[in-house]
Amino acid sequence: MIKLVNVNCPGCGAPLNELQTECAFCRRPIILKQADAQELKPPELNKHIIVYRKILSDNPDSREVNNSVALCFLNLKMYDKALEAFEKCMEDNFDNSETFFYAAVCLLRGRKPFLCDRKTIDKIIEYISAANMIEPRGLYYYYAAYIKQDYFARKHFAVSPDFAQELSTAQNYGYSPADAQKLFDMLGQPKPEGF
């Protein structure tokens, strides 16, 4: 049985409960998606985090709320907290490719792949592969290409498929330059030239 937690809208302060996905008064989204979270400024993201933590204190297994709080942390570049929340979402939810993809983004923790250890890179590849198995997307293959180019190619490790093959697959699945820029914004890195 779900226990309802009464909270206030982070936007206008109107009362709402955790089952609402948008505020009845200001029509702002309560359960955020990545596009919503990217549009919010840090103070607004922090307000959402406060509301989500209150909900999670009574219902820690809420996938939607864990995912929303993870997106807030990701957009604040708080990668460790975001990863923890995304991994909580993964426990019972194997059908959301974005959760696996965003967890893979968090694992870099704002660093270049070249500077990560092999264990971290292997976990990133595992999460990207899981995301692609659920729902193949150009952006996921593009991220895999970036990892393989910056880590494996720079260290002269052979890997199959290599970064050029991953990039070709990304193009076949229709990634856009705007998607690529969003990826590097999430990573907290400038987009490499020619990539």
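The table below lists the values:
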read-out	value
Rounded to the nearest 20 debye, dipole of the chain from Cβ charges on Lys, Arg, Asp, Glu	600
Positive-end residue, segment 99-182 charge dipole about Cα centroid, Cβ charges, pick of Ser160, Gly110, Phe100	Gly110
Relative contact order (%) - the chain, alpha-carbon pairs under 8 angstrom, separation at least six	14
Net length gained if the chain between Glu91 and Ala24 were fully extended (0.36 nm per residue, minus Cα distance)	21.0 nm
Exposure rank, largest accessible area first [Phe195, Phe114; 1.4 Å]	Phe114, Phe195
Additional length obtainable on full extension of the chain from Val159 to Tyr173, 0.36 nm per residue less Cα span	2.9 nm
Qualifying aspartates and glutamates (Cα of each under 12 Å from Cα of Lys148; at least 8 residues distant if same chain)	Asp122, Asp162, Glu166
Cross-link reach list, lysines versus Lys33, counting only Cα pairs under 27 Å and skipping chain neighbours closer than eight places	Lys3, Lys41, Lys47, Lys54, Lys77, Lys81, Lys88, Lys112, Lys123, Lys182, Lys191
Cysteines without a disulfide-compatible partner [the chain; Cβ-Cβ under 4.7 Å]	Cys72, Cys89, Cys106, Cys116
Computed helical MRE - 222 nm, the chain, DSSP H runs ≥ 4 contributing -39500 (n - 2.57), nearest 500	-17000 deg cm²/dmol
Selection from Leu56, Cys72, Leu16, by position along the positive dipole direction of the chain (Cβ)	Cys72
Rounded tilt (10° steps) of 177-187 against the dominant C-alpha axis of the chain	70
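The values are calculated or read from the model by the stated rules, or taken from the named source; none is laboratory data. The structure presented is a predicted model; accordingly, all values stated were derived computationally and were not measured. Cβ atoms come from the backbone with ideal geometry, glycine included; neighbour counts cover every protein chain shown. The accessibility values were calculated without ligands, DNA or RNA, using every heavy atom of the protein model including side chains. Shrake-Rupley method; radii C 1.70, N 1.55, O 1.52, S 1.80 Å.
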